[in-house]
Amino acid sequence: MSAAKAPPRGAARDVLSRYTVADLWALSAEEARRFVTDGADPQADHVLAWELLYRLEPELYDRLVRAERIHPDLLAWLPQGIDRIVEVGAGTGRLTLELLPRAGEIVAVEPAAPLRECLLRRLAAAEHGHRARLVDGFFDALPLPDDWADLVVACSAFTPEAGHGGDRGLAEMERVCRPGGCVAIVWPNNLAWLAARGYRYLSFGEDEMFVEFASLDEALELTEVFYPRAAAEVRRGGRRRVSFETLGVNPPRDVAFRVMAG
């Protein structure tokens, strides 16, 4: 990966203010084809800004991921003792490390090379890390055969938009899932869209959930970047544990899923 010219460390600019059109070099030709439209500007396009974040500051994103923990009851619901799992949009391993004990073979699909590099380092240090194989790929072109996996899952990555899933991406996830297997969208962002396509919904627990930042300083820094509207409240609270309610987002406690017909 080429050295990136990221914003100065002292400037905790939020994601939507962080990059400019001059940073589009960080995208490959294939990524640009998928994510960049005519006149695209990352300071006006939230999705494009996040794509640049993944490629220019993957460690910054990884620090956020480590703090946003999935509800344990949701993790317990995911199948165990199965042969094969495919995770699409694996990122730096928010869910991947939790999947390692559950299957003999895991394929983690992630298009952003810097995120794959971060995940590779985490897997090297993890128990059962050898079970996971990282591959380059997009939702709508999964490099896997039909009916391959018992579980096909995405966490906080799938959306109805074509570049991050859409109908073609959902069809691909279903294609590589075997009859009787499960396609699961963890922490979904458009329940009505998924329900219209035959997906059921579950939410786990009613307890308050928190983003578990490593320190107060990290809570202040990362909130400024990722949740700027809540930054003042986090500063007033003065704690490293910040509720998802304070940040104004739904916590990672829900899943939309479909069991494929046998």
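The values are calculated or read from the model by the stated rules, or taken from the named source; none is laboratory data. Because the structure is a prediction, the values reported are computed rather than measured. In this analysis, Cβ positions are derived from the backbone assuming ideal geometry, glycine residues included, and neighbour counts consider all displayed protein chains. The accessibility values were calculated without ligands, DNA or RNA, using every heavy atom of the protein model including side chains. Shrake-Rupley method; radii C 1.70, N 1.55, O 1.52, S 1.80 Å.
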Percentage relative contact order, segment 157-222, counting C-alpha pairs under 8 Å, at least six apart
21 percent
Full extension from ASP136 to ARG33: what is 0.36 nm times the residue separation minus their Cα-Cα distance, to one decimal in nm?
35.5 nm
Alpha-carbon centroid distance for the pair segment 120-159 / segment 83-106, whole angstrom:
6 Å
Helix 46-56 versus the longest principal axis of the chain: what angle, 0 to 90°, nearest 10, using Cα atoms?
90 degrees
Long-range tail of P(r) for segment 1-130 (Cα pairs > 26 Å, %):
31 percent
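Roll a 1.4 Å probe over the protein chains and send me the accessible area per residue for the chain in Å².
Here the per-residue accessible area is 47 Å².
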Expressed as a whole percentage, what fraction of the accessible surface of the chain belongs to carbon and sulfur atoms when a 1.4 Å probe is rolled over the protein heavy atoms?
49 percent
Net charge near GLY163, counting Lys/Arg +1 and Asp/Glu -1 over other residues with Cβ under 13 Å of its Cβ?
-4
Projected area averaged over orientations for segment 140-201, convex hull of C-alpha atoms, nm²
3.9 nm²
Taking the chain as the reference, fit the longest principal axis to its C-alpha atoms, fit the long axis of helix 113-124 to the helix C-alpha atoms, and give the angle between the two in degrees, 0 to 90, nearest 10.
70 degrees
Mind checking the full-extension length gain between ALA125 and SER215? Use 0.36 nm per residue of separation minus the Cα-Cα distance, one decimal, nm.
30.1 nm
What accessible surface, in Å², does a 1.4 Å probe find on GLU224, ignoring ligands, DNA and RNA and rounding to the nearest 10?
60 Å²
Go ahead and estimate [θ] at 222 nm for the chain from helices alone: -39,500 (n - 2.57) per DSSP H run with n ≥ 4, summed, over the residue count, rounded to 500.
-9000 deg cm²/dmol
Which value, in Å² and to the nearest 10, is the accessible area of LEU24 when all protein chains are kept and the probe is 1.4 Å?
40 Å²
After finding the eigenvalues of the alpha carbon gyration tensor for segment 12-71, what semi-axes result from the square roots of 5 times each, listed largest first in whole Å?
22, 13, 10
Return one number: the angle in degrees, 0 to 90 and rounded to the nearest 10, between the long axis of the Cα atoms of helix 216-226 and the longest principal axis of the Cα atoms of the chain.
80 degrees
Taking the inverse of the average 1/r across all pairs of different Cα atoms in segment 72-215, what Kirkwood radius in Å do you get?
15.6 Å
With every protein chain in place, what's the accessible area of GLU30 (1.4 Å probe, Å², nearest 10)?
70 Å²
Two-decimal Rg/Rh of segment 153-249 from alpha-carbon positions, Kirkwood Rh?
1.10
Average projection area in nm² (convex hull over Cα atoms of the chain, one quarter of hull surface)
13.9 nm²
Multiply the residue gap between ALA196 and ALA44 by 0.36 nm, knock off their C-alpha separation, and tell me the result in nm, one decimal place.
51.8 nm
Local electrostatic count at PRO228 - Lys and Arg +1, Asp and Glu -1, tallied over other residues with Cβ under 15 Å:
+1
From Cα pairs below 8 angstrom and at least 6 apart in sequence, can you work out the relative contact order of the chain, rounded to a whole percent?
18 percent
ARG178 neighbourhood, Cβ < 12 Å, K/R = +1, D/E = -1, net charge -3
